[in-house]
Amino acid sequence: MRGSIKLFTVLGIPVDINATWLIAVAIITWSLSTAAYPSFFGSWSTMQYWTAGLLTTLLLFASVLAHELGHSIVALAQGLKVNGITLLLFGGVSKIQGKASRPRNEFLIAFAGPAVSLVIGVVLVGWWIKFGPIYEDDVKLYHGVLFFTGWMNLLVAGFNLLPGYPMDGGRVLRSAVWGFTGDTKRATRVAYIVGKFVFYALIGWGAWQILSGDIAGGIWIAMIGYFLMTSARSEIAGEQAKQLEESDLESIDHLGFSVGVATRSMPPMIESSWSIEQMTHQGLPEDPLTSMPVGRQGELIGFVLRRDLDQVPIEHKGQISVGELMNPDSLRVISTNESFRDALRSMDRNRLNQLVVMDADYVVGIITREDIVRALLEFKTQGMHAEPMDRDTSAD
Ligand SMILES: [Zn+2]
């Protein structure tokens with residue numbers, strides 16, 4: 001993800017932190033140290049408030065990581081791949097590759113995160129209730145820190161279980177609708193619609209808080225609602241792209257769509273002798289699946305994906321060259337008049353994300369998986385507007 005710094009690897013899963021987290025650390029520490037702690041524990045010094053605030057924020061960070069590991073471990077146990085965990089401003093994202101095969105599996109992945117937060121929260125708050133000091137003067141710094149960490153974990157669990165897709169609660173809802181109806185598309189749609197109400201409610205609640213005087217709290221809530229709504233939208237677009245089915249491809253083959261339609265010109269080549277570090281300095285494309293052509297003395301020899309570069313540990317980036325990283329089998333060609341289906345099959349067979357498009361003996365450009373998906377989606381939406389009566393009702 002852009003603006004992310006790699007921290008460490010847990011269970012083979014790289015963990016990065018998004019730059020927005022630094023803002024979150026500042027805001028959370030500040031509000032804990034100047035408002036929350038002083039109002040609960042009146043007898044501490046300013047130094048103690050700030051120490052407790054910062055410690056709690058760091059423990060919250062560890063808790064969010066534990067929450068994400070909950071999702072990731074369950075996904076790994078189901079044989080899915082986890083490409084990484086990114087800690088963002090409002091929690092984290094586990095990049096799970098592939099989809100749960102059954103509603104129950106999706107439910108377990110989605111619920112595992114909040115379950116971890118819930119357990120941490122219940123243990124810490126339970127400890128406070130059972131063993132915490134009775135008199136305010138006996139409250140030590142660590143009492144406060146553990147109590148607040150517990151509370152925040154309960155908040156994280158509760159918040160993530162709000163039924164707004166793509167939050168965990170929305171995924172739980174989606175898996176339930178999927179389980180009952182057996183229809184993944186309907187499940188996504190229901191989760192999305194319910195989610196929209198949740199997000200509007202959050203934004204509305206934020207606005208109400210602002211009007212009634214709590215400006216900082218209100219802005220915070222409205223921002224979360226807005227952030228979630230935009231991420232839901234991009235999630236749904238990705239979902240639709242993945243749901244292109246064999247039947248879509250077949251009907252498009254009938255229409256005579258060929259590779260030539262979605263071909264685009266060859267991006268500028270990267271010299272194979274460059275180090276990964278040198279390449280990174282040139283600026284990298286945002287999408288991890290961008291295919292970048294690699295050349296040796298002006299001749300195309302293969303492709304690397306942006307994602308492959310990210311997987312090289314930072315300490316090796318100076319030594320490994322693009323040519324060494326490149327899959328030597330990544331140069332495969334297809335002719336302009338072959339079908340989308342042939343192109344996708346060839347990509348699947350060779351585990352590639354792109355093919356070089358040839359017209360007779362000439363290279364005319366490249367075609368990627370995304371290019372095909374985009375062309376099909378465009379066709380689908382245009383098709384819908386053009387002939388609304390003929391639309392297959394199940395295809396939505
Ligand atoms: Zn989660």
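The values are calculated or read from the model by the stated rules, or taken from the named source; none is laboratory data. Quick caveat: nothing in here was measured; it's all calculated off a predicted structure. Glycine also receives a Cβ, built like all others from the backbone with ideal geometry; neighbour counts cover every protein chain displayed.
For this structure, a couple of remarks:
- Annotation: of all residues in segment 166-190 being within 16 Å of the ligand (Cβ to nearest atom) and at pLDDT below 85, the one that is surrounded by the most Cβ atoms within 10 Å (Cβ to Cβ) is Met167.
- Residue check, Ala77 surrounded by fewer than 18 Cβ atoms within 10 Å (Cβ to Cβ), more than 30 Å from Met47 (Cα to Cα) and away from the ligand (no atom under 11 Å from the Cβ): yes
- Contact map, segment 46-58: residues that are more than 14 Å from Tyr142 (Cβ to Cβ) and touching a residue at least 24 places away in the same chain (Cβ under 8 Å) paired with residues that are assigned to a helix (DSSP H, G or I) and among the β-branched types (Val, Ile, Thr), Cβ distance under 9 Å, separation 6+ or inter-chain. Pairs shown: Thr57/Val25; Thr57/Ile28; Thr57/Thr29.
- Any hit, segment 97-110, residues being more than 13 Å from the ligand (Cβ to nearest atom), over 16 Å from the mean Cα position of the chain (by Cα), among the small types (Gly, Ala, Ser) and assigned to a helix (DSSP H, G or I): no
- Val119 being within 16 Å of the ligand (Cβ to nearest atom), modelled with pLDDT under 85 and surrounded by fewer than 19 Cβ atoms within 10 Å (Cβ to Cβ): no
- Where a residue in segment 93-108 is closer than 11 Å to Val82 by Cα and its partner, wherever it lies, is in a helix (DSSP H, G or I), with Cβ under 6 Å and at least six apart: Ser94/Glu68; Ser94/His71; Ser94/Ser72; Ile96/Ala75
- The C-beta contact set for segment 143-169 (first residue in contact (Cβ under 8 Å) with a residue 60 or more places away in the chain, second residue of a type in the set (Gly, Ala, Ser) and not in a helix (DSSP H, G or I), distance under 6 angstrom, 6+ apart or interchain) is empty.
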